[in-house]
1. Please find, within segment 133-166, the residue that is surrounded by the most Cβ atoms within 10 Å (Cβ to Cβ) out of those that are within 15 Å of residue 211 (Cα to Cα) and out of contact with any Asp or Glu (no Cβ under 9 Å at 6 or more places or on another chain).
2. For segment 102-120, indicate whether the set of residues that are polar (S, T, N, Q), more than 25 Å from residue 82 (Cβ to Cβ) and in contact with a Phe, Trp or Tyr (Cβ under 9 Å, 6 or more places away or on another chain) is non-empty.
3. Can you name every residue in segment 104-117 that is surrounded by fewer than 23 Cβ atoms within 10 Å (Cβ to Cβ) and over 15 Å from residue 215 (Cβ atoms)?
4. Quick check, is residue 113 aliphatic (A, V, I, L, M), farther than 25 Å from residue 186 by Cα and out of contact with any strand residue (DSSP E or B) (no Cβ under 6 Å at 6 or more places or on another chain)?
5. Check segment 118-130 and report whether any residue there is buried (at least 20 other Cβ atoms within 10 Å of the Cβ), in a loop (DSSP other than H, G, I, E, B), charged (D, E, K, R) and touching a residue at least 60 places away in the same chain (Cβ under 8 Å).
6. Quick test of your reading of the structure: residue 185 fulfils all but one of (1) in contact with a Gly (Cβ under 9 Å, 6 or more places away or on another chain); (2) more than 23 Å from residue 118 (Cα to Cα); (3) assigned to a helix (DSSP H, G or I). Name the failing condition by number.
Amino acid sequence: MKALVLAAGQGTRLRPLTLHQPKAMLPIGGTPLIGHIVALLRRHGVTDIAVNLHHCPEAIRAYLGDGRSFGVRITYSHEPELMGTAGAAKRLEGFLDETFFVYYGDVFTMADLTALSEFHRAKDALATVAVHTVQDPWTKGVVEWDEDSGRIERFVEKPPRGEEPSDLANTGIYVMEPQVLDYIPPDRFCDFGYDVFPALLDAGMPVYAYRIQEYLMDIGSLEKYEQVQKDYERGL
């Protein structure tokens, strides 16, 4: 399997920490977040990794290099203009030519990615969205699903408070087949949550949810960044 790590975002909610570095370079336990991400992917057998870049791109290039020191191979995709989560994948269509992970670069987790990929294959899914239970589903992309089969019936990005179809939120970790890229228009901004997942469901494609039980934190705010550092120091 291959992977795409989305690390192009500007991290505006993490300023001033991200004024001069991408959020994927914020340290957790002395190691940049993207170092933890690459190590997790490597532990689960992923050695071909693409990283998209935009904000302060040289910081990530300088840290990861070509990936050899991490036991992987790194391909970079620099975006002069942000293309969105799905637009970033479309730009790498030639690279993403087999089953692949998409991993948002602000997510820290100890999730079992092997179990996630095995679930995806067992379901013969086109896309599998890793989900977890949250206390504030109105701030997330959430799924409505058939709990017995795991098949997603509806995907709602940041629903109005009180109208959430569930408390199962998109974690920002997916397993996908290359055919998903056919649903992404070229050379334009496109988002998985707002655009691609609803299109796949409208077309009746097999899209599944896999519930992550392990520790997971999306580091989208200064408060969450402080929390994940404390959790890491406590041994998660």
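1. 150
2. yes
3. Scanning segment 104-117 gives 104, 114, 117.
4. Details: aliphatic (A, V, I, L, M): yes; farther than 25 Å from residue 186 by Cα: yes; out of contact with any strand residue (DSSP E or B) (no Cβ under 6 Å at 6 or more places or on another chain): yes.
In short, yes.
5. Checking segment 118-130: not a single residue is buried (at least 20 other Cβ atoms within 10 Å of the Cβ), in a loop (DSSP other than H, G, I, E, B), charged (D, E, K, R) and touching a residue at least 60 places away in the same chain (Cβ under 8 Å).
6. So the condition that residue 185 fails would be (3).
Values in this text are rule-based calculations from the coordinates and carry no lab data. Note that this is a predicted model, so its numbers are computed, not measured. Please note: Cβ atoms are built from the backbone with ideal geometry, for glycine as well, and neighbour counts cover all protein chains shown.
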